[in-house]
Each structure stands twice: as C-alpha cells, then as structure tokens.
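Chemist: This structure is in structure tokens; I'll ask about it shortly.
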Amino acid sequence: MSAMNLRSMKISLYTNDLFDAPVDFLGILAFEDEPDRGLLFAQVNRTLGGALEQAARDERFEGKVGQSLVFNNSTGVIKARRVMVFGAGPKAGYGPHIARTFTGLVARKAMQVQAKKVAVQLVVPDGPSDPARVLDVIKSYGEGAVLGAYRFDLYRTREPVPASLEEVLVAFVAEDVIGLTGAQLRSSLLEGRTFGEAATVARTLVDEPPNVLNPDTFAERARRLAKDHHLACRVLGPRELERQGMELLLGVCRGSAFDPRLVHLTYTPEASKTRGRRPVIALVGKGLTFDAGGLSLKTNEGMVDMKIDMGGAASVLGAMLAIADLKPDCEVHGMMGIAENMPDGRAIRPGDVIKSKAGTTVEIMNTDAEGRLVLADVLAYAQDQGVTDIIDVATLTGACVVALGPLTAGAFVNDEAMALDMQKAWSISGERFWRMPLEQDLRKQLESRVADLKNVGDRYGGAITAALFLETFIEKGKVRWAHLDVAGPVYASEERNLYGRGGTGFGVRTLIEYVKLRGAQVLEDPDTGASS
Ligand code: BES
Ligand code: ZN
Ligand code: ZN
C-alpha cells in the first residue's frame, strides 16, 4: 500500500469531433452573459434537440461561476452518457483560473459517477488571438484535471471504493490554436499536469494520518521521491542536528517518541545552460507531523486536525519534485524541518531558555508556538548555504486564519522586488495570498527578561509577531525573504469547487511559478554592480 506511487493520469489532446469522443463523461461550459450561453453550449444544445437548455431552465442554472449541471444523455448523437455544464460566469472574466476550475470540477463530478474517461472542450479567452494566453489556458486544463481527480482513500476498506479517473481528452478546434504547434500545446498541457501532480504529493502527505506519517517516515518518503526525480537528498538525524547546533529543532521534538529530521533536497541545473549569476533559491517548510501543543497542550478540538501541521514541508517537497522535472535555470534547495510536538517528561517547558543554531537565545513561553522554533534553525541552515532567496511555508498561526479566513494565506516579504515577483507568481497560480505587514513596532512584544527573545507576543497581531520572530533569523540586506503563513488554506474542511475535503496542496503551484520566473533572472554582479 503506497500512496506515493503516482500513476500519471493520461491526458491528451483530441482533434476529432467532440461528440464522437470515446468517453463516458463530457464537460462543456456556459457563460452567463452570452447569447444562448455561448457558442459551445448552443452547439451541444442544438445537437441534443434543445434538451440541455430545458434542463438548465429546470435546474435554474444561470451560468454563474461554479454552478454546474449534469445531464444524462442517451441520444447516441453524443457518445458520452453524461454531459456536464459548468457555469463560467461572464465571458470577459474567462481565463486560466476559470479554466482550471472548469476542468477540475468536470474531473471531480465525473469520478463521483464512476466515469473513467472524460472529454472537455478547450475554450480560449476572447479578444485578439494571443498564443501565449492560449497556452496558459491549456496549462490550466492540465492542472485542473489532476487537481479535480484527487482522492485519498487508502484507508477505506468497507464501502466500494470508487474507480480512479483514467483519461482526460482535451478537444479543440483548429482556429482556436492558430500560431501554435501541436508540440507547444502538448507541452503546456503536460506542464499543467506536472503542477497538479506536485500538489497531489503534498495533499497526500497532509491527508496521511499522523500514526503513519511521523518524522521518520516523512523523511523516508522524501528520500524515495527525491531519488525518483533525480534530486540530491540529504537527511540530517539527531546527531548531525546536534553537530549543527540546531537545539530549537531538537527541543521541539524532545517530547516525541521520534527523532527530528532535517530533509535537504537540492536541484542543480545543468551548468551548460546557465549564463550570468543566477539566484539560488531556498524553499523552507515547517514539517510538524503532529502538533499536540507539547506541554502547552491543545484542547481536543484544537488538536484534531493537527496532522496538517506538516503542510508547509509537504508543499516544499511537492514543489521540488516538479522543479526537478521542469528544470529551471537556477539552483533550488528544499529544506524541511520535521518534528512532532508532544507532551512528555523530557519535553521542553515554558520557561526553558534554548540556544538557536544562529546563537540567539530563546525563552520558551508557550510550547505550542513551536513552528517558529523549528523554522528559526532551518532558516539559519539555509543562509549557511549562501542562498539569495528564501521562501518559507508554514502552518504557523491560528491568528492568520482569524485575520484572513480559511482560503487566503498571509505573505510577509522583506524586499519590494521580491514582493513583486511573489505577486506575479500567485496571480498566475490563482492561489490566494494577501500581503501582511512586518510591523516593527510590535517587535517589543518579543523582548524577554532573561534571553534574547521570547517565542510568543501578546494576544493581538499573532501572525505578525510570529513573522517578526522569524525575521530575527534573517540576515538583513543579504537575502530576499518571504514567509507564507498557510495555516488556513492548506486544508479544506468542506468541499469547494474542484477541491474535496482534506489537503489542498496550497502553495505548491505558487512556489513553482516563483522559481520559474525568478530562475530566468540574471543577478547584478556583486563586484561591478552590472548585469552580466
Ligand atoms: N500549528 C499551529 C497553528 C495552526 C493553527 C495551524 C490552526 C493550522 C490551524 C501552531 O503551532 C500553533 O499552535 N500556534 C499557536 C501560537 C500561539 C501559541 C502563540 C496558535 O496559533 O494558537
Ligand atoms: Zn503549535
Ligand atoms: Zn504547529
């Protein structure tokens, strides 16, 4: 039983008549403000003798974003037994994000009715035909198909387990892809699939129960996946962590029956391709395979979902695998601090003072604020490797969920150029982030009477003081740093659009997009100040 043997879903382009596609489920979309709900809907409706429009009216389907309608078809003029109509909203708003949700919801609904083969019609944005925009939409189809088909049913033995989706065909008409070669279309579709599969890796890890996924098994899975994707992998255990002086990471795991790990993956581009000085990017993940709170024990209600507390590390791991496959032009490191936060006679106590890898001493006020302790040591480790950019991803604070709700992550960035690049990355991925302030005036909340720093601030501004704590461990002016607090969106407690309940893989696609666009930049030469 292995969740990690991802068998790639078949996904291909289909050039013949959509209605003849040998599938059991067909997905089309409808716009809310187009005559006859758009050309595609009108065409399918005509073929079905007006029955689709009738069904839409009966179901009060208006074409608003996210609405959907499944129509049973036995006419034979369309091969698929079921036709799903997806509400795409107003035509002017159509683009990669709607396209992703469309394909994703088609895949999800198809699986719910045991369909194995699905066809969707490619719809391109309005306006002057721009090949790059068409490719962006096709990539979204690839992402959506994989995201929508995700399921986690490893531990269901009783109910009949539904079949997996085997194949997705993306049908298109030639005039929509003018100026593009078949190879370009295919490569965008498969790139999208790679993005989706990276999210699948993260989601699976988040969904695994904490008795299965502990620091030891997390590291072993990372090692195996790294090997499959030809990434260099180094796993540091307790002795090496001691040698490195990572007392905070060790401290957090002291109450656990397991030893902590630091998983360090490295992607190195082929030397021949790199010209000029390139960024070196570190992706750093918080990997608490379970967060009971330690001696500052959580309530059962607060603890029940805390297997998700390795979501940041899972996103980093997923992103690294895609990066290995996509081969960007810069070096990328994935560094994950893996631990379990449990109460025990040997656990760290409120009042303890612990020395970090960087030398800073920390007074522990609350053992449940453990993520920042783990990250502080991993951030110091990352800077020892001489990186230019660091992005950490962490389910760090409940306060961030209170501030932004469950769908949006907080982004704290210490550099304006990096903030722009991050914004570009998340506007492409469609993942929701909101920039948060590194409000220096709150720093005094972290002053300790006995040590350099306390690990928690006051009641208000908890997401900000957590970020300020991390910022202490970033060398000023040396490295671009972004901290992503993903405590809300890594996990969906109810189904929404293309996502079911459970891990969402949030962050994975933004990380990959960032590496893609940042990896193409050439840095100024530090000696001459000139770009080479
Ligand atoms: N892992 C939690 C944060 C969290 C909360 C993630 C809810 C996902 C959903 C983190 O380690 C934690 O417990 N933070 C405390 C910090 C507090 C003690 C300052 C919190 O948010 O309550
Ligand atoms: Zn905690
Ligand atoms: Zn935690």
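Chemist: Kindly indicate the residue of the stretch 291-309 that is among the hydrophobic types (A, V, I, L, M, F, W, C) and within 12 Å of ligand 2 (Cβ to nearest atom) and also farthest from GLY502 (Cα to Cα) among those meeting that condition. Outline the logic, then answer.
Modeler: First, the residues of the stretch 291-309 that are among the hydrophobic types (A, V, I, L, M, F, W, C): 292, 295, 297, 303-304, 306, 308.
Adding the requirement that they be within 12 Å of ligand 2 (Cβ to nearest atom) leaves 292, 295, 297, 303, 306, 308.
Details: ALA292: 19, LEU295: 27, LEU297: 24, MET303: 15, MET306: 12, ILE308: 9 Å.
Of everything passing the filter in the stretch 291-309, LEU295 is farthest from GLY502 (Cα to Cα).
Chemist: Quick one: would you say SER493 is open to solvent by 10 Å² or more (accessible area, probe 1.4 Å), of a type in the set (S, T, N, Q), closer than 24 Å to ARG349 by Cα and touching a residue at least 12 places away in the same chain (Cβ under 8 Å)? Please lay out each step first, then the result.
Modeler: Working: open to solvent by 10 Å² or more (accessible area, probe 1.4 Å): yes; of a type in the set (S, T, N, Q): yes; closer than 24 Å to ARG349 by Cα: no; touching a residue at least 12 places away in the same chain (Cβ under 8 Å): yes.
No; evaluated as a whole, the condition is false for this residue.
Chemist: Please enumerate the residues belonging to the stretch 196-217 that are farther than 23 Å from SER493 by Cα and in contact with a Lys or Arg (Cβ under 9 Å, 6 or more places away or on another chain). First the steps, then the outcome.
Modeler: If we filter the stretch 196-217 for residues that are farther than 23 Å from SER493 by Cα, which is where we start, we get 215-217.
Selection gives PRO215, ASP216.
Yes or no, residue by residue, for (1) within 11 Å of ligand 1 (Cβ to nearest atom); (2) in contact (Cβ under 8 Å) with a residue 24 or more places away in the chain; (3) in contact with a His (Cβ under 7 Å, 6 or more places away or on another chain); (4) open to solvent by less than 30 Å² (accessible area, probe 1.4 Å):
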residue	(1), (2), (3), (4)
ALA257	no, yes, no, no
PRO260	no, yes, no, yes
PRO279	no, yes, no, yes
ALA282	no, yes, yes, yes
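Chemist: Scan the stretch 397-435 residue by residue and report those that are over 16 Å from GLY505 (Cα atoms), of a type in the set (A, V, I, L, M, F, W, C) and open to solvent by less than 30 Å² (accessible area, probe 1.4 Å).
Modeler: Correct list: CYS400, ALA411, PHE412, VAL413, MET418, ALA419, MET422.
Chemist: Given the criteria touching a Phe, Trp or Tyr at 6+ places or on another chain (Cβ under 9 Å), touching a residue at least 12 places away in the same chain (Cβ under 8 Å), part of a loop (DSSP other than H, G, I, E, B) and under 17 Å from ALA466 (Cβ atoms), does ALA369 qualify?
Modeler: On the way: touching a Phe, Trp or Tyr at 6+ places or on another chain (Cβ under 9 Å): yes; touching a residue at least 12 places away in the same chain (Cβ under 8 Å): yes; part of a loop (DSSP other than H, G, I, E, B): yes; under 17 Å from ALA466 (Cβ atoms): yes.
Yes, satisfied.
Chemist: How about the stretch 324-366: which of its residues are open to solvent by 20 Å² or more (accessible area, probe 1.4 Å), polar (S, T, N, Q) and in a strand (DSSP E or B)?
Modeler: Scanning the stretch 324-366 gives a single hit, THR361.
Chemist: So in the stretch 338-384, with the set limited to residues that are hydroxyl-bearing (Ser, Thr, Tyr) and over 19 Å from LEU283 (Cβ atoms), which one is nearest to ligand 2 (Cβ to nearest atom)? Can you show your working first?
Modeler: Residues of the stretch 338-384 that are hydroxyl-bearing (Ser, Thr, Tyr), as a first pass: 356, 360-361, 367, 381.
With over 19 Å from LEU283 (Cβ atoms) added as a condition, the list becomes 356, 360-361, 367.
Values: SER356: 18, THR360: 20, THR361: 20, THR367: 8 Å.
So the residue we want is THR367.
Chemist: Among the numbered criteria (1) within 13 Å of ligand 1 (Cβ to nearest atom); (2) closer than 26 Å to ARG518 by Cα, which single criterion is violated by THR299?
Modeler: Going through the list (1) within 13 Å of ligand 1 (Cβ to nearest atom); (2) closer than 26 Å to ARG518 by Cα, THR299 breaks only (2).
Here is a yes/no grid of residues against (1) under 22 Å from the mean Cα position of the chain (by Cα); (2) not charged (D, E, K, R):
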site: ARG133; (1), (2): no, no
site: ASP136; (1), (2): yes, no
site: ALA149; (1), (2): yes, yes
site: THR157; (1), (2): no, yes
site: ALA163; (1), (2): no, yes
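Chemist: Counting just the residues of the stretch 492-526 that are assigned to a strand (DSSP E or B) and of a type in the set (D, E, K, R), which one comes out modelled with the highest pLDDT?
Modeler: Step one: list which residues in the stretch 492-526 are assigned to a strand (DSSP E or B), which gives 492, 496, 499, 502-503, 524.
The next check asks that each one be of a type in the set (D, E, K, R); those that pass are 496, 524.
Numbers: ARG496: 94, GLU524: 83.
Residue satisfying both the conditions and the ranking: ARG496.
Chemist: Residues PHE152, PHE102, PHE172: which one is of a type in the set (Phe, Trp, Tyr), surrounded by fewer than 23 Cβ atoms within 10 Å (Cβ to Cβ) and within 23 Å of VAL85 (Cβ to Cβ)?
Modeler: On inspection, the qualifying residue turns out to be PHE172.
Chemist: Whether any residue in the stretch 41-63 is free of Cβ contacts under 8 Å to residues at least 40 places away in the same chain, polar (S, T, N, Q), surrounded by fewer than 14 Cβ atoms within 10 Å (Cβ to Cβ) and over 17 Å from ALA171 (Cα atoms) is what I want to check.
Modeler: Yes, there is a match, as at least one residue in the stretch 41-63 is free of Cβ contacts under 8 Å to residues at least 40 places away in the same chain, polar (S, T, N, Q), surrounded by fewer than 14 Cβ atoms within 10 Å (Cβ to Cβ) and over 17 Å from ALA171 (Cα atoms).
Chemist: To continue, here is another question. Return a yes/no flag: does the stretch 400-412 have any residue that is closer than 17 Å to LEU470 by Cβ and within 16 Å of ligand 2 (Cβ to nearest atom). Steps first, please.
Modeler: Filtering the stretch 400-412 for residues closer than 17 Å to LEU470 by Cβ gives 400, 403, 409-412.
Pick out the ones that are also within 16 Å of ligand 2 (Cβ to nearest atom) and you get 400.
Scanning the stretch 400-412 turns up at least one residue that is closer than 17 Å to LEU470 by Cβ and within 16 Å of ligand 2 (Cβ to nearest atom).
Chemist: Considering every residue within the stretch 426-437, establish whether at least one is under 21 Å from PHE195 (Cα atoms) and out of contact with any helix residue (DSSP H, G or I) (no Cβ under 6 Å at 6 or more places or on another chain). I'd like the intermediate steps shown before the answer.
Modeler: In the first step, residues of the stretch 426-437 are kept if they are under 21 Å from PHE195 (Cα atoms); the result is 426-433.
Subsequent filtering for residues that are out of contact with any helix residue (DSSP H, G or I) (no Cβ under 6 Å at 6 or more places or on another chain) retains 427, 432.
Within the stretch 426-437 (the criterion being under 21 Å from PHE195 (Cα atoms) and out of contact with any helix residue (DSSP H, G or I) (no Cβ under 6 Å at 6 or more places or on another chain)), the answer is yes, since at least one residue qualifies.
Chemist: Take the residues in the stretch 239-254 that are touching a residue at least 40 places away in the same chain (Cβ under 8 Å) and open to solvent by 10 Å² or more (accessible area, probe 1.4 Å), then tell me which one is nearest to ALA347 (Cα to Cα).
Modeler: Of everything passing the filter in the stretch 239-254, ARG254 is nearest to ALA347 (Cα to Cα).
Chemist: Confirm whether LYS109 is part of a loop (DSSP other than H, G, I, E, B), of a type outside the set (Val, Ile, Thr) and surrounded by 14 or more Cβ atoms within 10 Å (Cβ to Cβ).
Modeler: Values: part of a loop (DSSP other than H, G, I, E, B): no; of a type outside the set (Val, Ile, Thr): yes; surrounded by 14 or more Cβ atoms within 10 Å (Cβ to Cβ): yes.
So LYS109 fails the test.
Chemist: Of all strands (runs of 3 or more DSSP E) completely enclosed by the stretch 1-93, which ones contain at least 2 residues that are at pLDDT 95 or above and of a type in the set (Val, Ile, Thr)? Before you say what the answer is, go through the steps one by one.
Modeler: Numbers: elements: 10-14, 25-30, 68-72, 82-87.
Of the strands (runs of 3 or more DSSP E) lying wholly inside the stretch 1-93, those with at least 2 residues that are at pLDDT 95 or above and of a type in the set (Val, Ile, Thr) span 82-87.
Chemist: A further question on this structure: Just for the stretch 137-175: of the residues that are part of a loop (DSSP other than H, G, I, E, B) and in contact with a Gly (Cβ under 9 Å, 6 or more places away or on another chain), which one is farthest from TYR14 (Cα to Cα)? Spell out how you get there, then give the answer.
Modeler: Step one: of the stretch 137-175, the residues part of a loop (DSSP other than H, G, I, E, B) are 149-166, 172-173.
Filter once more, keeping what is in contact with a Gly (Cβ under 9 Å, 6 or more places away or on another chain): 149-152, 165.
Numbers: ALA149: 19, TYR150: 23, ARG151: 25, PHE152: 29, LEU165: 17 Å.
Within the stretch 137-175, the match that is farthest from TYR14 (Cα to Cα) is PHE152.
Chemist: Checking the conditions here, which among ALA487, ALA463 is over 30 Å from THR103 (Cα atoms) and in contact (Cβ under 8 Å) with a residue 24 or more places away in the chain?
Modeler: Values: ALA487 fails: over 30 Å from THR103 (Cα atoms).
Unique residue meeting the criteria: ALA463.
The values are calculated or read from the model by the stated rules, or taken from the named source; none is laboratory data. Only a predicted model underlies this, so the values are computations on that prediction, with no experimental measurement involved. All Cβ positions, glycine included, derive from the backbone under ideal geometry; neighbour counts span all protein chains shown. Please note that ligands, DNA and RNA were not included when accessible areas were found on the heavy atoms of the full protein model with its side chains. Shrake-Rupley method; radii C 1.70, N 1.55, O 1.52, S 1.80 Å.
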